[in-house]
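> Got a structure for you, written out below as structure tokens; questions coming shortly.
FYI, it's all coordinate maths here, none of it is from the lab. Please read all numbers here as calculations on a predicted model, not as lab measurements. Because the Cβ atoms are built from the backbone with ideal geometry, glycine has one as well, and the counts that use them run over all protein chains shown.
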Amino acid sequence: MELRKLLVETAKVFDKLRIKYVLIGGYAGILYNSPYTTADIDFVVVSESVTLQLVEDLKRIDWIPTEEYKDLEELRAFGQFYFKDYGYPLHILPHAAGYSLEKSVRISVTEIDGYEVKVCSLEDLIIMRLAVWTDEDKMKAAALYLANKPDLKYMEERAKEEKVLSRLHWLQKEITKSQS
Amino acid sequence: MKVKSSKGLDIEKIKRKVEERKRISNEAFLDMMGSLIELKKNGVKKTSSRNR
């Protein structure tokens, strides 16, 4: 199965089960024109909306769970699957560093192969990179910043909430420095 | 474990990558990534059959 189709089919499973989700990580980055490839698909969900039916429905589209997930709380804490054909991993998280769906975050909707997939906002994606702050994350945050026009007001607000404002200012300084 | 550092960024290099990426649509980029994964998978298979 093509990666795009796999992504859409996975989003369809979430929607069918009324699980509130957003795509984050490298895949979301690609949808915001990031030049970096990724080794997995990451979703943040509202964990209370997750049921064990998710495991069965994901199995139907060839996602193999790495655990048995007999306990709902285990699945809600962290769900990991891999794709039968590629061994490609899928992560389902209740929150990520610098991000949670319980907060009033912006969600974008992107059409992939005619299906609307919910994706975290560009600004939140940058904030998540700043929250992790490895060299790789800084680079990816800069690429996202350069490839798009982030909403600076919203990004500052979110950076304050996630306590990464000084990191955002550092990134902005690095970008401005190169433009002068 | 990934190392954290206060090293500066090579913004020019990132800019070049961003510009190159702009020439490719998201769909084409995802398809390209899918092909790379498949290639990697097939490569692993070949190695294991050679070992048998």
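> Determine the shape class of chain A: with a ≥ b ≥ c the square roots of the Cα gyration tensor eigenvalues, call it rounded for a/c under 1.5, and otherwise prolate if a/b is greater than b/c, oblate otherwise.
Note, shape of chain A comes out prolate.
> What number, in percent, do you get for the relative contact order of chain A if the mean sequence gap of Cα pairs under 8 Å and at least 6 apart is divided by its residue count?
Value for chain A: 21 percent.
> Mind checking segment A:31-90 for chymotrypsin sites (Phe, Trp or Tyr not before Pro) that DSSP puts in a loop (not H, G, I, E or B) and that have at most 10 other Cβ atoms within 10 Å?
none
> Let me ask something additional. Apply 1/(1 + (r/R0)^6) to the Cβ-Cβ distance of A:TYR115 and A:LYS149, taking R0 = 35 Å, and write down the FRET efficiency to the nearest 0.05.
Efficiency computed from Cβ-Cβ geometry: 0.85.
> Sequence gap at least 6, Cα distance under 8 Å: using those rules, report the relative contact order of segment A:94-135 to the nearest whole percent.
42
> Another question, if that's okay. Given the options A:LYS163, A:LYS103, A:LYS20, which has the most mean-square fluctuation in a GNM of chain A, springs set between C-alpha atoms less than 10 angstrom apart?
Of A:LYS163, A:LYS103, A:LYS20, the Gaussian network model singles out A:LYS103 as fluctuating most.
> I've got another one for you. Using the structure shown, list the pairs from A:LYS103/A:LYS153; A:LYS149/B:LYS17; A:LYS12/A:LYS103; A:LYS103/A:LYS140; A:LYS20/A:LYS70 with a Cα-Cα distance above 27 Å, or answer none.
In this structure, not one pair exceeds 27 Å between Cα atoms.
> Compute the angle between helix A:152-161 and the longest alpha-carbon principal axis of chain A, please, reported from 0 to 90 degrees and rounded to the nearest 10.
So the helix axis and the longest Cα principal axis differ by about 70 degrees.
> While we're on this one: Considering only A:ILE127, A:ILE92, A:ILE30, give the residue with the highest GNM mean-square fluctuation for chain A, with springs between Cα atoms whenever their separation is below 10 Å.
In this elastic network of chain A, the residue with the biggest mean-square fluctuation among A:ILE127, A:ILE92, A:ILE30 is A:ILE30.
> At R0 = 45 Å, how high is the FRET efficiency between A:LYS173 and A:LEU17 if r is their beta carbon distance? Nearest 0.05 is fine.
The value I calculate is 0.55.
> Next up: Once the Cα atoms of helix A:122-132 and of chain A are each reduced to a long axis, what angle between those two axes, in degrees from 0 to 90 to the nearest 10, is obtained?
So the inclination is approximately 90 degrees.
> Also, I was wondering about something else. Under a 10 Å cutoff between Cα atoms, tell me which one of A:SER47, A:SER166, A:SER100 has the largest fluctuation in the Gaussian network model of chain A.
A:SER166
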